[in-house]
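Encoded as structure tokens, the structure appears first; notes follow it.
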Amino acid sequence: MKLGEKLRHLREVEGSLRGLHRPLSQMEVVRGLKNELGRSISQSYLSQIENGTRPNVTAATRDLLARFFKVHPGYLVNDPEGFDTELVSALRTSDDALAAWLAEGAERFRHDGEIRAALEAIAQRPALRRCLILIGALMEISRDGSDGPNS
């Protein structure tokens with residue numbers, strides 16, 4: 001994968017993590033660098049990196065982008081020809097497996113409309129893994145305090 005592709009992917013992931021349901025724009029990255037890290041690069045420079053006009057960046061730019069996207073600076077280099085980490089496909093496979101498992105569970109609870117609807121709704125979430133982790137965290141919180149009248 002080329003550096004530009006990696007940055008586009010990171011903008012997509014970061015937008016999702018920030019709840020935008022879309023990739024961060026290049027301008028949002030530039031503003032985020034300034035607001036969150038106190039340093040910045042220009043949008044045109046970021047565009048040149050992404051479109052391959054500037055295939056290499058300085059160590060300072062690489063470190064800045066790595067800090068913003070919370071990745072190792074070594075990730076922000078062009079991969080050798082034919083190199084494949086399979087990270088993205090492994091995550092997609094994980095979400096697909098979870099979605100299938102939840103859909104199967106929803107079918108098993110077809111006689112309990114509320115449970116079935118809840119399982120189907122969770123299975124359709126784009127960030128399914130994160131959704132399940134959040135539910136787990138909520139369960140931990142409720143274990144520490146009162147679960148309310150239905151516990």
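The values are calculated or read from the model by the stated rules, or taken from the named source; none is laboratory data. What you are looking at is a predicted structure, and each value in this text was computed from that prediction instead of being measured. Note that we place each Cβ from the backbone using ideal geometry, even for glycine, and neighbour counts take in every protein chain shown.
Computed quantities for the displayed model
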read-out: Output for region 42-75, where each listed residue is under 23 Å from the mean Cα position of the chain (by Cα) and without any contact (Cβ under 8 Å) to a residue 24 or more places away in the chain; value: Q43, S47, T61, R62, D63, A66, K70, H72, P73, G74
read-out: Any pair with Cβ under 8 angstrom, 6 or more apart, that starts in region 109-122 at a residue that is without any contact (Cβ under 8 Å) to a residue 12 or more places away in the chain and ends at one that is assigned to a loop (DSSP other than H, G, I, E, B) and surrounded by 12 or more Cβ atoms within 10 Å (Cβ to Cβ); value: I115/F109; R116/F109
read-out: First in region 123-147 and surrounded by 12 or more Cβ atoms within 10 Å (Cβ to Cβ), second anywhere and hydroxyl-bearing (S, T, Y) and modelled with pLDDT of 80 or more, Cβ under 7 Å, 6 or more apart; value: A127/S16
read-out: In region 37-60, the residues that are surrounded by 14 or more Cβ atoms within 10 Å (Cβ to Cβ) and in a loop (DSSP other than H, G, I, E, B); value: S40, I41, R54, V57
read-out: Flag if A66 is modelled with pLDDT of 80 or more, surrounded by 14 or more Cβ atoms within 10 Å (Cβ to Cβ) and either of a type in the set (V, I, T) or outside any loop (DSSP other than H, G, I, E, B) (or both); value: yes
read-out: Residue selected from region 1-36 under the condition farther than 19 Å from Y75 by Cα and over 18 Å from the mean Cα position of the chain (by Cα), by the criterion surrounded by the most Cβ atoms within 10 Å (Cβ to Cβ); value: V30
read-out: Top-ranked residue of region 91-129 - restricted to ones that are part of a helix (DSSP H, G or I) and touching a Ser or Thr at 6+ places or on another chain (Cβ under 9 Å), ranked as farthest from R22 (Cα to Cα); value: R129
